[in-house]
1. Taking the axis that carries chain A onto chain B, what is the nearest Cβ in chain A, and at how many Å, to the whole number?
2. How well do other chains shield peptide B:471-481, expressed as the mean number of their Cβ atoms within 10 Å of each residue Cβ?
3. Does chain B classify as rounded, prolate or oblate by the C-alpha gyration tensor (a ≥ b ≥ c root eigenvalues; a/c under 1.5 gives rounded; else a/b over b/c gives prolate, otherwise oblate)?
4. Would you compute, from DSSP H runs of 4+ residues alone, the mean residue ellipticity of chain B at 222 nm, taking -39500 (n - 2.57) per run and dividing by the full residue count, rounded to the nearest 500?
5. Report, ordered by chain and residue number, the aspartates and glutamates lying within cross-link reach of residue A:187, taken as a straight Cα distance under 15 Å and ignoring same-chain residues fewer than 8 apart.
6. Fewest to most neighbouring Cβ within 10 Å: what's the order for A:25, A:189?
7. Using θ = phi - 60° and the Karplus curve 6.51 cos²θ - 1.76 cosθ + 1.60, what whole-Hz ³J(HN,Hα) does each residue of segment B:484-492 get, with Gly and Pro shown as x?
8. Would you mind classifying segment B:1-77 by shape? Square roots of the alpha carbon gyration tensor eigenvalues, ordered a ≥ b ≥ c; an a/c under 1.5 is rounded, otherwise it is prolate if a/b is larger than b/c and oblate if not.
There are 2 protein chains.
Amino acid sequence: MTTKPLQGLSLIGQTPAAPSGMLFHAQNPATGEALDPPYHEAGDEDMDRACRLAAEAAPVLARTSGKLRADFLRAIAARLEAIAEAIAARMPQETGLPEARARGELARTCGQLRLFAAVAEEGAWLDARIDHGDPERRPAPKPDIRSMLQPLGPVAVFAASNFPLAFSVAGGDTASAFAAGCPVVVKAHGAHPGLSELVGREIQAAARERGLPEGTFALLFGAGSRLGAALVRHPAIQAVGFTGSIAGGTALMRLAAERPQPIPVYAEMGSVNPVVLLEGALARRGTAIAEGLAASVTLGAGQFCTCPGLVLAVDGPAYRDFRAVLSARLAALPAAPMLSLAMAEHFQNGIAAQQVCPGVEALVRGSAGAGHGAPVLQETSADNLLAQPRLMEEVFGPSTLLVRAESETELVQVLKALPGQLTATVHADEAELAERPALVETLAKMAGRVLFGGFPTGVEVGHAMVHGGPFPATSDGRSTSVGSAAITRFARPVCYQGFPDTLLPETLREGNPLGLMRLVDGERRR
Amino acid sequence: MTTKPLQGLSLIGQTPAAPSGMLFHAQNPATGEALDPPYHEAGDEDMDRACRLAAEAAPVLARTSGKLRADFLRAIAARLEAIAEAIAARMPQETGLPEARARGELARTCGQLRLFAAVAEEGAWLDARIDHGDPERRPAPKPDIRSMLQPLGPVAVFAASNFPLAFSVAGGDTASAFAAGCPVVVKAHGAHPGLSELVGREIQAAARERGLPEGTFALLFGAGSRLGAALVRHPAIQAVGFTGSIAGGTALMRLAAERPQPIPVYAEMGSVNPVVLLEGALARRGTAIAEGLAASVTLGAGQFCTCPGLVLAVDGPAYRDFRAVLSARLAALPAAPMLSLAMAEHFQNGIAAQQVCPGVEALVRGSAGAGHGAPVLQETSADNLLAQPRLMEEVFGPSTLLVRAESETELVQVLKALPGQLTATVHADEAELAERPALVETLAKMAGRVLFGGFPTGVEVGHAMVHGGPFPATSDGRSTSVGSAAITRFARPVCYQGFPDTLLPETLREGNPLGLMRLVDGERRR
């Protein structure tokens, strides 16, 4: 199958935007080569048109059935699979990621789209509730009240660079917003515009094919932060999804809070994903843990939000053996191309900033050419970390920092000093952890996901996944951006009081025509 | 039963605060008389001690069972019922509300406490989810993942003046936060400190009796906004509940957003609760609607968040008949004492500000002595309202503004221009509304609760109630502050990956020892 050539223009409604003349190019991070075509940045008028179309589309989408939303999401997935070759060709050029990763991430992205299709179709997410009235109640009759979730309206989605498919144009934010019945305006990530256009065109076509309104979807290109800021300020936008840095996420949070009408921001930002190694586990499985950790730290050149960037253990012979194996493994791994030249430079700067901190020792530091990142392993003491909180900050790339504690008390002290995290992992024998219930509580207080054994990279897409966590890991620890529960981010409850059955949304009608699981007079039933 | 004399001191942990010397008195709004005892404002040290105790209590409360939380909430309800006489004596003095209202609101408050007790005990609110692992899955084994909601930590609750029991010290915010497992620090409303102390003492005693930690509850007195601002800024506080004005609520939103760690604010603020009267309903039931509306507008001297402050209809004979009946009914109703002298003055100023707007005609304006409010009815045209958005603002008290439209198109234009509302009501014949599906959608887009017939005052406490709505009706339209769903405001999800069964919270164990409704591999079951 051949795909039509890339246009280099934002997609607004069913037509491309007019060329603006403000151009940027994607760049191959492995070679520095500029990639064609040039991309035109969307201007304020394009952005405004996208948002106004989205506002017009919102009530129409809100009215669509779960079935139609599911068809739409499945059509997007099928269309993306149909252009798998084009995706597998373009994505490595723009991101430095290998072709196998492109194919794997495409499968994950389509899996996500189909998960949200199933969620929309099944309808339990609507949290339909019915409290029957009682005209005989004294002193006042009890009214009939029925509630359900309804879509918030147009959602601005900021695509991430590190998952150019799964957290980008047709990623989890877009899929969950569509499933909830919201139009989506995507701000493409500047590092992979060609891939974004390929994906965006398929969403546009799927919307057209299903007869959805023009404003259902828009894709805006822009290299700097100006376009994104204007988008968050636009009065039509009712929520924001973002994956990226703490600086970027908190800037959007401020913009959203300062609007005349403040709106929710779901920003997945930064995390060092602490891994705690207890003595028993280190003694019995130290080598295996070191091997697994080396693989997790360098997976995707360390460019995962869940990359384990901080490893804590109490000093001792088992720890030292573990450290030796980890050092050897990481030193043996090659440098890998990073997502962009800027990302690679940012990584080098982050490592350099750690190394100038007193008391930080470099154990492994490979050399890497431009655009590449080589594995880095550094070590510091727990008291040194406590004295220098900047060492608790994420360094995005294939690096981890060992934190050597003198005692378990000191180790727990470090854990309590850490800011909010996406994940927290403990390696321990079962009996060992059973004696320390407070440790699991400490990890659960700090993070959205707590792991017993294993490593945090690899975020399973399911019903129970929580890819979230307290600030600054995310803007809003009450939500997840991965898994079926992500859909509720883009909805709010509305109740209907005293309505005749025929005037109620189908979801709430007495006969339950959609066969939904509902909470009826306090009891969950279908 | 006699109760011990009021002390006039904040309650922090199990001891009263030290006298600060900064004193204020409650005042009888009907007489202007200052009420004893004088109340000492809590200083920064008191506030800090309350928050630090709450932070210490948080992990202990998080660990408590739903059963223990339920016992605690029921003990509070029983204790409040046991001091019903003292409450019925004090509340009218401090609030101008009649004794019958005090007894009715006490019953409602105890009903709320028991509803949240049942919710905590039943446990479905925890949204337990289990995705079983599959070690055989290829290419990578599927991990076992289990999630549940966990309490956010210490909650600051700002008591309202207009529901001195149900939205105050032991009101819905406090009850739902306790049910979720969060400690609560209440900032008492300055208008009813004696009643607050009476109620706070019973919560304190119930916590002691159940062996809960000292920081489970604190009650702070303070007349100005300084104490509240410092409380929201305190690093131990993890969420805020507030009921009051838009100015007060948005100030807290700003403070919370500007913290080093931003926290959620659930502020229920202002609403004019539009009531739309369609022609058929007016023609057939105009008199009954006018009578019901007059009662709703003046209930509790109009001091309800859900008081209908804006009534929209298309001009015509039926509208004019309705207007005449409404005018007569309201003119016949007496002035009533308002919650405080300041509230009565604020009401007069609000009416005066409406009346200086060009095109506003006073139809009823009774006279009232100091501290009292007399019913007010004014009228304006739809185009005049559209030209003067300040007329869309709430005037808190027994007043409503008729908006006379030339056509239904114009009426809908007004609806679309209104900001977010707690409620929106339509009076229509069933067939009449069936022909206008977009009208119900417009109301649902604007409000948290949509009524067919009836009046918005009277907020039923149940599972389906949504007492919320888009900004500025509340800070966060994704939540409700009344009804069982309010509990989720104070929790966030955490997932456990790969944990041995014995190390999981009971809620998530394979054998379901608590007998909870859970989502297991995507299916809801017990």
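Computed from the coordinates by the stated procedures, all read-outs in this text should not be read as laboratory data. Here the structure is a predicted model, which is why all the values come from computation and not from measurement. Please note: Cβ atoms are built from the backbone with ideal geometry, for glycine as well, and neighbour counts cover all protein chains shown.
1. With distances in whole Å, chain A gives A:257, 2.
2. The shielding value for this peptide is 4.
3. Oblate, because a/c is 1.5 or more while a/b does not exceed b/c.
4. -12500 deg cm²/dmol
5. A:41, A:44, A:45, A:46, A:48, A:173, A:197
6. A:25, A:189
7. 5, 5, 5, 5, 5, 4, 10, 9, 9
8. The shape class here is oblate.
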